[in-house]
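Q: The structure under discussion is supplied below as structure tokens; questions concerning it will follow.
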Amino acid sequence: MAIESSSRLRGRSHKVGAGDIAVQVRRRITGGELLNGERLPPERAFAEQFGVSRGTVRDALRRLEEAGFVEKRPGSGTYVTCSEVETASIARSTSPLELIDTRYALEPQIVRLAVLNATERALAKAERALEVMERSEDDTDSFAAGDETFHLALAECTRNAMLVWITERVSEVRNNAEWARMRQITLSGTMIRRYNAQHREVFEAVRRRDAEQAARAMRVHLDLARNSLIDAASS
């Protein structure tokens, strides 16, 4: 199983923890490198690879199990239970409007939780993505990449692994062909400036720890995106 070495992980964050290991395994599952039903290496192998205790490995596997990615089978080992085939199928079949409605149900609550749980480091990551977007008024591809990173960074601010995972699935849908086509139709320099102003308002509300204003600003932002898609679909 191709997972980043402990030395590379330590280079980014001085100590490898259960969360780091869980993230690495989750990415391999959602990226299709680990398949549904595949057995994971034993705890001892993980512990040696990452230079951590077996207790840390058990904590990582517990997190993955609680999130529905793996299951422990007594006397047999730990197995992947999340099927990437199903995820990819949903990503391909979801329409842009369905995606916006999903985000509308999800993201106002994400920013509320971000207000409660965001660290300064997580907020800095969100602001860097925001700054990328603010420099990309004439570059739709750069804006789209920054937009995806920004919304994922807000999910990471919640410190809720399940919400991060769901947001990553939303990003997969945003990268499908139909969404890319609608993005080309709806995005212009003027629209990017409007989106950037709304993103900035969401971010500043989160940084001020104003949960209701953050949620309200996110709903306004998603309303604009939804109306833009409806206008494009009817033209």
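Read-outs: derived from the displayed coordinates by stated rules, not from any lab. In this text the structure is predicted, and so the values were computed from the model without any measurement. Ideal geometry is used to build each Cβ from the backbone, glycine not excepted, and the neighbour counts take in all protein chains shown.
Q: Subtract the Cα-Cα distance of Glu212 and Ile230 from 0.36 nm times their separation in residues, and report this length gain in nm to one decimal.
A: 3.8 nm
Q: Short version: ³J(HN,Hα) in whole Hz for each residue of region 43-58, in order, from phi by Karplus 6.51 cos²θ - 1.76 cosθ + 1.60 (θ = phi - 60°), x for Gly and Pro, what are they?
A: Per-residue couplings from phi come out as 4, 4, 5, 4, 4, 5, 5, 9, x, 10, 6, 5, x, 5, 5, 4 Hz.
Q: Sticking with this structure for a sec: Hey, got the dipole for region 89-234? About the Cα centre, +1 on K and R Cβ, -1 on D and E Cβ, debye to the nearest 20?
A: Once rounded to the nearest 20, the dipole reads 320 debye.
Q: For region 89-234, what relative contact order do you get, as a whole percent, if you take Cα pairs closer than 8 Å and at least 6 residues apart?
A: 36 percent
Q: Using label points projected 7 Å from each Cα along Cα→Cβ, tell me how many nm separate Glu48 and Arg135, to one decimal.
A: 4.5 nm
Q: Near the amide H of Gly51, under 5 Å away, which other amide H atoms are found, from residues 5 or more places off or on another chain, if H is placed in the peptide plane?
A: The answer is none.
Q: Something else now. Which distance in nm do the two modelled labels at Ala105 and Arg181 give, with both placed 7 Å along the Cα-to-Cβ direction?
A: 2.5 nm
Q: If you don't mind, there's one more thing I want to ask. With all distinct Cα pairs included, what does the Kirkwood hydrodynamic radius of region 105-235 come out to in Å, to one decimal, could you say?
A: 14.7 Å
Q: Please list, in order, the residues from region 104-125 whose amide nitrogen is less than 13 Å from a point placed 7 Å along the Cα→Cβ vector of Ile166.
A: The answer is 104-114, whose backbone nitrogens lie closer than 13 Å to the label point.
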